[in-house]
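See below for the structure under consideration.
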Amino acid sequence: EPTVRTELMEQIPPIAIFLQESRPKFPTAFFEYLMPIVVRYLTDVNNQVRKAGQEALLILLEQDLVAQSDIENKVCPILLDLSAPDSDDEYKVEAVNIICKMASMLSRSTVEHMLLPRFCELCSDGKLFQVRKICAANFGDICNAVGQEATERLLIPKFFELCSDSVWGMRKACAECFMAVSYTTSPEVRRSKLSPLFISLISDNCRWVRQAAFQSLGPFISTFANPSSAGLYIREDGTLSIRPSTQDVNSNSCQPSHNITLMSSSTNAT
């Protein structure tokens, strides 16, 4: 029964945490018994079971309970199979969604060598606009996960494609994550490549794209500032904030300091 398998998946994370805390007594129980179930349920025929499996996997990754070898040898190959060009549409959409969500929890080398090539392919998926939209909505997170070199070499060309997509929702998603993409690049790339690209979005023929671009204008400009003098920085939750200067903190030592959130760098567009 699918409901039984779904319920089982919901119990996996707390069991895994218990096994981790009791590891001297159960040194291999999680890797031998539980992890294979999670991986298998990622391809279950029932979509509710798959969703429960995906949520369980993300919790396990957040808690750092999955070994690097399991991620590279068991999880990533399944996701690459599910997101292959000839994969079922529903499976592909789910796979690219979980790839984007887990990228920030994996090591940079794992993302760059195992998941980044497939992500670049999915950005150009001509069959499903839903796949391209997920890629566009999470583009900033992927850039942050792989760093400047891979972003400029592999991702920026794909970002140009998405910013010119015929579906306006794609261009809007790109405008919304523009700051996060810009923050990952060098000043020269910001000036010579991203600035003209942003102008095209702010001049888009769709008002929703223009509106999103205008909302991102200030945060995008802020990426040109010197963080050490401007005090601008990206928080862990992906928001652009202002850190009070040392002089301000000293002069107001009796008052609590505050970070001012300007704008989210990513969107949860669906």
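The values are calculated or read from the model by the stated rules, or taken from the named source; none is laboratory data. Remember, predicted model here, so these are calculated numbers, not experimental data. Here the Cβ is made from the backbone with ideal geometry for all residues, glycine too, and neighbour counts use every protein chain on show. Please note that ligands, DNA and RNA were not included when accessible areas were found on the heavy atoms of the full protein model with its side chains. Shrake-Rupley method; radii C 1.70, N 1.55, O 1.52, S 1.80 Å.
Name the pairs: first residue in the stretch 84-111 and outside any helix (DSSP H, G or I), second residue of a type in the set (Val, Ile, Thr), Cβ to Cβ under 7 Å, at least 6 apart or on different chains?
Sorted first by the residue in the stretch 84-111, then by its partner, the pairs are LEU106/ILE71.
Filter the stretch 1-28 down to residues that are at pLDDT 90 or above, loosely packed, with under 14 Cβ neighbours inside 10 Å and polar (S, T, N, Q) and give me whichever is farthest from LYS51 (Cα to Cα).
Selected residue: GLN11.
Residues that are over 17 Å from the mean Cα position of the chain (by Cα) and either open to solvent by 70 Å² or more (accessible area, probe 1.4 Å) or charged (D, E, K, R) (or both): does the stretch 89-109 have at least one?
yes
Looking at LEU154, is it without any contact (Cβ under 8 Å) to a residue 40 or more places away in the chain and closer than 19 Å to ALA212 by Cβ?
No.
Please tell me if GLN148 is out of contact with any Cys (no Cβ under 9 Å at 6 or more places or on another chain) and either modelled with pLDDT of 95 or more or farther than 21 Å from LYS92 by Cα (or both).
When the stated conditions are applied, GLN148 passes them.
Show the residue pairs that are 6+ apart or on different chains and have beta-carbon atoms under 7 Å apart, the first residue being within the stretch 114-138 and closer than 20 Å to PHE178 by Cβ and touching a residue at least 24 places away in the same chain (Cβ under 8 Å), the second being in a loop (DSSP other than H, G, I, E, B) and of a type in the set (Asp, Glu).
The qualifying pairs are ARG132/ASP125; ARG132/ASP165.
What number of residues within the stretch 167-189 satisfy the criterion of being without any contact (Cβ under 8 Å) to a residue 12 or more places away in the chain and closer than 15 Å to SER203 by Cα?
Of the residues in that region, 0 qualify.
Within the stretch 1-47, work out how many residues are within 21 Å of ASP81 (Cβ to Cβ), touching a residue at least 40 places away in the same chain (Cβ under 8 Å) and assigned to a helix (DSSP H, G or I).
So the count comes out to 3.
Scan the stretch 164-215 residue by residue and report those that are open to solvent by less than 50 Å² (accessible area, probe 1.4 Å), among the charged types (D, E, K, R) and under 21 Å from SER124 (Cβ atoms).
ASP165, ARG171, GLU176, ASP204
Residue pairs, Cβ under 7 Å, 6 or more apart or interchain, first in the stretch 52-77 and touching a residue at least 24 places away in the same chain (Cβ under 8 Å) and small (Gly, Ala, Ser), second assigned to a loop (DSSP other than H, G, I, E, B) and surrounded by fewer than 18 Cβ atoms within 10 Å (Cβ to Cβ). List them.
Listed by first residue and then by second, the contacts come to GLY53/ASP44.
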